[in-house]
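The values are calculated or read from the model by the stated rules, or taken from the named source; none is laboratory data. Model, not experiment: these values are computed from the prediction. Here the Cβ positions follow ideal geometry from the backbone for every residue, glycine too, while neighbour counts run over all protein chains shown.
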Amino acid sequence: MSNIINGKEVSANVKAEIKKEVAVLKEKNIEVGLAVVIVGNNSASRVYVNAKKKACEETGVNSYEYALPEETTQQELVELVKKLNKDENVNGILVQLPLPKHIDENAIINTITPDKDVDAFHPVNVGKIMIGDYSFLPCTPAGVMELIKSTGVTIAGKECVVVGRSNIVGKPMSMLLLHQSGTVTICHSKTKDLKAACKRADILIAAVGVPNLITADMVKEGAVVIDVGMNRLDNGKL
């Protein structure tokens, strides 16, 4: 008998806690502000940005959106980020990826001051995650840890398999599981026997953009399975 993790319930609980924390800060006359920068007309990016704005409204965080045209130059974007770095009303800066091809994403990420890098993509924050002394976490790995926590399963000593090695999800996900004393295996496109690796997992995280890559015969009975890949199928369904 399988149990479906209620992601919406977990999300609501997290937002409720954040709302309380923001309220406490407001009682001390401290406002919390998130600046979100979006460049171009990527439809998926717009969905994500709108969701972030809604989450800010629900939790009492001030939201500042900077929607820039596709032809924005790299230098113009760098100058905006530098301005936001100095803005005392902005506590966090989030530049929505992907950026247009003529803009170097790493250059923009490296321009964000690490103390305002809420995506935790800056090399300083990546290093902090590696040693377990972090201020920010990438949202997807942090969300997965909350989902695992909601199951009541203890990570320590468990066989944890992460399928995917991206800088945004796979690598930090592996580090967070390791910090909780999980025994971690990272699988990727060059893994020789993916099925055998997945079959060992007590906790299995699929973090690749490949629909139906993990099938039922690859999952051990009683394993916690979380899929964080987003795909649009041939029929257009998300």
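Of all the residues that make up region 1-34, how many are touching a strand residue (DSSP E or B) at 6+ places or on another chain (Cβ under 7 Å), hydrophobic (A, V, I, L, M, F, W, C) and not in a loop (DSSP other than H, G, I, E, B)?
Residues in region 1-34 being touching a strand residue (DSSP E or B) at 6+ places or on another chain (Cβ under 7 Å), hydrophobic (A, V, I, L, M, F, W, C) and not in a loop (DSSP other than H, G, I, E, B): 1 in total.
Just to be sure, is Lys82 surrounded by fewer than 20 Cβ atoms within 10 Å (Cβ to Cβ), part of a loop (DSSP other than H, G, I, E, B) and of a type outside the set (Gly, Ala, Ser)? Even if it seems obvious, please write down each step before you answer.
Details: surrounded by fewer than 20 Cβ atoms within 10 Å (Cβ to Cβ): yes; part of a loop (DSSP other than H, G, I, E, B): no; of a type outside the set (Gly, Ala, Ser): yes.
Taking the combined requirement at face value, the residue does not satisfy it.
Would you mention how many residues in region 158-168 are surrounded by fewer than 23 Cβ atoms within 10 Å (Cβ to Cβ) and either farther than 21 Å from Val126 by Cβ or of a type in the set (A, V, I, L, M, F, W, C) (or both)? Lay out the reasoning, then the answer.
So the first thing to find is which residues in region 158-168 are surrounded by fewer than 23 Cβ atoms within 10 Å (Cβ to Cβ), and the list is 158-159, 165-168.
Going one step further and asking which of them are either farther than 21 Å from Val126 by Cβ or of a type in the set (A, V, I, L, M, F, W, C) (or both), we end up with 158-159, 168.
Residues meeting the conditions: 3.
So which residues in region 114-145 are touching a helix residue (DSSP H, G or I) at 6+ places or on another chain (Cβ under 6 Å), surrounded by 15 or more Cβ atoms within 10 Å (Cβ to Cβ) and not aliphatic (A, V, I, L, M), if there are any at all?
Pro114, Asp117, Phe121, His122, Asn125, Tyr134, Phe136, Pro138, Pro141
Kindly list the number of the only condition in (1) in contact (Cβ under 8 Å) with a residue 60 or more places away in the chain; (2) touching a helix residue (DSSP H, G or I) at 6+ places or on another chain (Cβ under 7 Å) that fails for Pro100.
So the condition that Pro100 fails would be (2).
Looking at (1) assigned to a strand (DSSP E or B); (2) touching a residue at least 40 places away in the same chain (Cβ under 8 Å), find the lone condition where Tyr66 falls short.
It fails just one condition, (2).
Would a scan of region 35-58 turn up a residue that is among the charged types (D, E, K, R), assigned to a loop (DSSP other than H, G, I, E, B) and either under 21 Å from Ala142 (Cβ atoms) or modelled with pLDDT of 95 or more (or both)? It would help to see each step written out before you state the result.
Taking region 35-58 and keeping what is among the charged types (D, E, K, R), we get 46, 52-54, 57-58.
Filter again for assigned to a loop (DSSP other than H, G, I, E, B), leaving none.
No: region 35-58 contains no residue that is among the charged types (D, E, K, R), assigned to a loop (DSSP other than H, G, I, E, B) and either under 21 Å from Ala142 (Cβ atoms) or modelled with pLDDT of 95 or more (or both).
What are the residues in region 114-151 that are of a type in the set (A, V, I, L, M, F, W, C) and either in contact (Cβ under 8 Å) with a residue 60 or more places away in the chain or assigned to a helix (DSSP H, G or I) (or both), if any? Can you show your working first?
Taking region 114-151 as the starting set, the residues that turn out to be of a type in the set (A, V, I, L, M, F, W, C) are 118, 120-121, 124, 126, 129-131, 136-137, 139, 142, 144-145, 147-148.
If the condition is that a residue be of a type in the set (A, V, I, L, M, F, W, C) and either in contact (Cβ under 8 Å) with a residue 60 or more places away in the chain or assigned to a helix (DSSP H, G or I) (or both), then Val118, Val124, Val126, Ile129, Met130, Ile131, Cys139, Ala142, Val144, Met145, Leu147, Ile148 are the ones that fit.
Does Ile93 count as crowded, with 16+ Cβ neighbours inside 10 Å, under 25 Å from Met173 (Cα atoms) and of a type outside the set (Ser, Thr, Tyr)? Break it down stepwise before answering.
Numbers: crowded, with 16+ Cβ neighbours inside 10 Å: yes; under 25 Å from Met173 (Cα atoms): yes; of a type outside the set (Ser, Thr, Tyr): yes.
Answer is yes for this residue.
When you look at Glu76, is it in a helix (DSSP H, G or I), over 19 Å from the mean Cα position of the chain (by Cα) and either surrounded by 11 or more Cβ atoms within 10 Å (Cβ to Cβ) or of a type in the set (S, T, N, Q) (or both), yes or no?
Values: in a helix (DSSP H, G or I): yes; over 19 Å from the mean Cα position of the chain (by Cα): yes; either surrounded by 11 or more Cβ atoms within 10 Å (Cβ to Cβ) or of a type in the set (S, T, N, Q) (or both): yes.
Spelling it out, Glu76 is indeed in a helix (DSSP H, G or I), over 19 Å from the mean Cα position of the chain (by Cα) and either surrounded by 11 or more Cβ atoms within 10 Å (Cβ to Cβ) or of a type in the set (S, T, N, Q) (or both).
Could you please find all residues in region 202-238 being exposed (fewer than 10 other Cβ atoms within 10 Å of the Cβ), of a type in the set (A, V, I, L, M, F, W, C) and in contact with a Lys or Arg (Cβ under 9 Å, 6 or more places away or on another chain)?
Matches in region 202-238: Leu238 only.
Restricting the first residue to region 211-234 and requiring it to be within 13 Å of Lys195 (Cβ to Cβ) and in contact (Cβ under 8 Å) with a residue 24 or more places away in the chain, which pairs with a second residue that is outside any loop (DSSP other than H, G, I, E, B) and among the basic types (Lys, Arg) meet a Cβ separation below 7 Å and a spacing of at least six or different chains?
Met218/Lys195; Met218/Lys199
Hey, Leu97 hits all of (1) closer than 20 Å to Ile112 by Cβ; (2) assigned to a helix (DSSP H, G or I); (3) of a type outside the set (Phe, Trp, Tyr) but one; which does it fall short on?
All conditions are met except number (2).
Given the criterion part of a loop (DSSP other than H, G, I, E, B) and at pLDDT 95 or above, identify the matching residue among Gly157, Gly209. Can you show your working first?
Working: Gly209 fails: at pLDDT 95 or above.
Being part of a loop (DSSP other than H, G, I, E, B) and at pLDDT 95 or above holds for just one of Gly157, Gly209, which is Gly157.
Quick check on my filter: what residues within region 51-64 are of a type outside the set (Asp, Glu) and within 16 Å of Lys15 (Cα to Cα)?
Ala51, Lys52, Lys53, Lys54, Ala55, Cys56, Thr59, Gly60, Val61, Asn62, Ser63
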